[in-house]
Amino acid sequence: MNPNDYAGLYYEGEQLKIAIKDSVPNGAMARTVAQSGLDADFVEVTYSMSDLLNAHGIIEKSLEEIGAKAVGINTEENAIALYVEDADSYDVALVKEISPVKNIVLREMRGFSFLDPSEQADENKNARASDVVAGDWISVRSSTNRWSTLATSVCYDYGGPNQQIGYVTCGHGYKVGDQTWYGGTSSSASTQKCRTDASFIPSSRLHTGKTQNRKVIATHDVPVAGKYVDEIGAKSGVISRTKILDTNVSGWWGDEDRGIPNYYIKDAFTFAKSPQGGDSGAAICYTNSDGTYAIVGIVEGGYYDKNDVIRGAGIKWANVSKDLNVIAITRG
């Protein structure tokens, strides 16, 4: 679809909506959608995706100047999502002066958390050592409080000279060469990292293709606002039906009061329910019509809203795959 004509996708309940600019005839677009087999409704909006992306780029370069922390796109509202420390007192005129898009959704964000656990994993950390599933614990060493969640199995450098299998988890808390442990047993080193805050951990222990709630990760997809996802965390277990809020979220996130230095997040997405320390790296998945999962990202961390509730932040699976040079090993 031409980004000058359409304005993105979103879900209203279970119904897919396709936003199109109100000045564009939708006949040709309707034929394209019909040919694709999608069951979707059209919604006329003011701004195209090109408009939204252009405004996003302008605002991202001016975050410090306008006193904001991060910027994203909210396709449900055909708006720019602006993350600020205090939404009640923020002067939205500051962003409207520089943004060609005037629809602004304010998100209060009082700091960013990487969700590092404050204590060691419980007795489940050594479970299922011979049955690797998404949602299991991974640690940096055999004795440490630095735990994260196994997202899914992958193949690194598929078809290339360095092809090997292993797992993906978060990048924070790990560095190249760290010895990693799974199920009480040494695994290998996390040999690859990338700007999307993810790590590849080589392992000869092939993933079963299942998650801790015994579903199969069969495909991959992209996050869409309004769609509900499950997060498969080692600490939280399965957090089901959490709504995606915004996509294309970029900015300097940190919280000096909580001892978290500023860290630049690029092209993330946010979701409503709170993950916990230790869930970093967890798979975030849609449920397909056949009951299997489609992985859309992994847990990055979360931000504190105005009520000090942690909302989730995720890394798009497409970015993890591209930057780590991995493909998900899916099971149909």
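The values are calculated or read from the model by the stated rules, or taken from the named source; none is laboratory data. Fair warning: this is a prediction, and the values are worked out from it, not measured in the lab. Quick reminder, even Gly has a Cβ in these numbers, built from the backbone with ideal geometry, and neighbours come from all protein chains shown.
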(message) Give all pairs with beta carbons closer than 6 Å in which a residue from the stretch 185-200 that is under 11 Å from residue 320 (Cβ atoms) and crowded, with 24+ Cβ neighbours inside 10 Å meets a residue that is of a type in the set (Ser, Thr, Tyr) and at pLDDT below 70; count only pairs at least 6 apart in sequence or on separate chains.
(response) 199/190
(message) Can you name every one of the strands (runs of 3 or more DSSP E) wholly within the stretch 265-327 that holds 3 or more residues which are modelled with pLDDT under 85?
(response) 293-304
(message) If I filter the stretch 100-108 for residues that are modelled with pLDDT of 65 or more and out of contact with any strand residue (DSSP E or B) (no Cβ under 8 Å at 6 or more places or on another chain), do I get at least one hit?
(response) yes
(request) Run residue 18 past the list (1) in contact with a Ser or Thr (Cβ under 9 Å, 6 or more places away or on another chain); (2) modelled with pLDDT of 90 or more; (3) surrounded by 20 or more Cβ atoms within 10 Å (Cβ to Cβ) and report the number of the one that doesn't hold. (result) (1)
(message) If residue 161 meets every condition in (1) under 23 Å from the mean Cα position of the chain (by Cα); (2) modelled with pLDDT of 85 or more; (3) farther than 28 Å from residue 290 by Cα apart from one, which number is that one?
(response) (1)
(request) Might you let me know whether the stretch 253-263 holds any residue that is in a strand (DSSP E or B) and within 29 Å of residue 214 (Cβ to Cβ)? (result) no
(message) Between 143, 186, 153, 204, which is assigned to a strand (DSSP E or B) and at pLDDT below 80?
(response) 186
